[in-house]
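The next block holds one structure in the form of structure tokens; read it before the comments.
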Amino acid sequence: MEMNQIRYFLAVCQHRNFTHAASASNVSQPSLTTAIKKLEHELGGDLFVRDRAGCRLTALGKLMQPRLQKAHDETQAAKAEAVRHTRLERVPISVGVGETIGHNRISAAVERFRTRLPQAEIELIVASTSKLLAGLREGEFDVVVTAATVSENLYRIDQLYDEAYKVVVSKSHPLSGRNAISLSTLAETDMLDRPNCEMRDALHRACADQGHELYAAYRSNRVDWLVELARQGLGAVILPTTAIPADRDLVSILIDGLEISRTVSALRYRHQTTRPETNDLIREIARV
């Protein structure tokens, strides 16, 4: 069954006349008639009964009309969706974001990107590194933003930015007035711990090298929960700068004697074709 056969059948249903249907379809009447006969042969019976007034549907024709109309409409909708995609009337871009990645810089980049390309649709999915990489390989994501270390053999890696870490406490916290906090002071402070933090092991090793041990009063893999606990004055949390919210009730402080930072990158699966719009979004995130 060919789409032109369905189209000609529906045209005859509408005009109830083979000549008029052929004219409306921009095809010769013999070509339309041949296509209808082939469709009837495939379906196993006549679809129309011709008379002096034109033609009318048979019982089989009445049964087939709604089904073939639905097939035609679905095909047209699929074509229209493809055209919108090709012409950038709508550009869905799926971005996987690591759980530890701050949203400040990415959200600002997305806003700038959609200002230039308002027809773009951005889907932001926050998940663990393992789920993001699996989704990237399976085609669920166009790009993944993460600080994880991955193989260059599998992924195309574009470094987006480097960011430092700071201690975040509430304005009412005893440490809030300091310009910098030493590791010895942090060791005496109730900490809010992120087990999924990329720099967690480096921080604990640095403390251990100086004979200190950090005590975690609370633990969570969710940055927003730890920020709220810090806001309530329940401890100090160490966060990358892009994850620190602009909040007048919070203070961010440097760590004295310790320089830790991470590189955030955009990953694309090497076996997946990258669209130009995805490249534009990556450049926007990397832009200062």
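Brief remarks follow.
- Q5 on the phi < 0 side of the Ramachandran plot and open to solvent by 50 Å² or more (accessible area, probe 1.4 Å): no
- Subset tally (residues that are closer than 14 Å to E163 by Cα and in a loop (DSSP other than H, G, I, E, B)) for region 248-257: 0
- Every condition in (1) open to solvent by 50 Å² or more (accessible area, probe 1.4 Å); (2) part of a helix (DSSP H, G or I) is met by E121 except one, and the failing one is (2).
- Selection of region 209-232 for residues being in a loop (DSSP other than H, G, I, E, B) and either crowded, with 16+ Cβ neighbours inside 10 Å or of a type in the set (S, T, N, Q) (or both) yields Q210, H212, L214, S220, N221, Q232.
- From A11, A35, A21, A77, residue being in contact with a Phe, Trp or Tyr (Cβ under 6 Å, 6 or more places away or on another chain), open to solvent by less than 70 Å² (accessible area, probe 1.4 Å), more than 30 Å from R194 (Cβ to Cβ) and small (G, A, S): A35
- Filter result for the condition that a residue is part of a helix (DSSP H, G or I) and either within 18 Å of L250 (Cβ to Cβ) or in the same structural domain as E99 (by the TED database) (or both), over L186, L192, L175, L203: L186
- Selection from region 236-276 of residues that are in contact with a Leu (Cβ under 7 Å, 6 or more places away or on another chain), crowded, with 16+ Cβ neighbours inside 10 Å and under 30 Å from P92 (Cβ atoms): V264, S265, A266, L267, Y269
- Answer residue from region 185-208, given it is out of contact with any Cys (no Cβ under 9 Å at 6 or more places or on another chain) and small (G, A, S) and is surrounded by the fewest Cβ atoms within 10 Å (Cβ to Cβ) among those: A208
- Some residue of region 92-101 being more than 18 Å from C197 (Cβ to Cβ) and modelled with pLDDT under 90: yes
Each row is one residue, and each column tells you yes or no for (1) touching a residue at least 60 places away in the same chain (Cβ under 8 Å); (2) more than 30 Å from P118 (Cβ to Cβ); (3) hydroxyl-bearing (S, T, Y).
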site: A187; (1), (2), (3): no, yes, no
site: D209; (1), (2), (3): no, yes, no
site: Y215; (1), (2), (3): no, yes, yes
site: T241; (1), (2), (3): yes, no, yes
site: P245; (1), (2), (3): yes, no, no
site: G257; (1), (2), (3): yes, yes, no
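- Condition met for S128 (under 21 Å from L239 (Cα atoms), of a type in the set (S, T, Y) and within 32 Å of the chain's Cα centre (by Cα)): yes
- Check on E42, modelled with pLDDT of 90 or more, open to solvent by 20 Å² or more (accessible area, probe 1.4 Å), outside the structural domain of P195 (by the TED database) and closer than 30 Å to T273 by Cα: no
- The one condition in (1) closer than 30 Å to M1 by Cα; (2) at pLDDT below 90 that T58 fails to fulfil: (2)
- Check on V27, in a loop (DSSP other than H, G, I, E, B), open to solvent by less than 40 Å² (accessible area, probe 1.4 Å) and either in contact (Cβ under 8 Å) with a residue 40 or more places away in the chain or at negative phi (or both): yes
The values are calculated or read from the model by the stated rules, or taken from the named source; none is laboratory data. Every value quoted in this text rests on a predicted model; they were computed, and no experiment measured them. Here the Cβ is made from the backbone with ideal geometry for all residues, glycine too, and neighbour counts use every protein chain on show. Note: accessible area is taken over every heavy atom of the protein model, side chains too, but ligands, DNA and RNA are not part of it. Shrake-Rupley method; radii C 1.70, N 1.55, O 1.52, S 1.80 Å.
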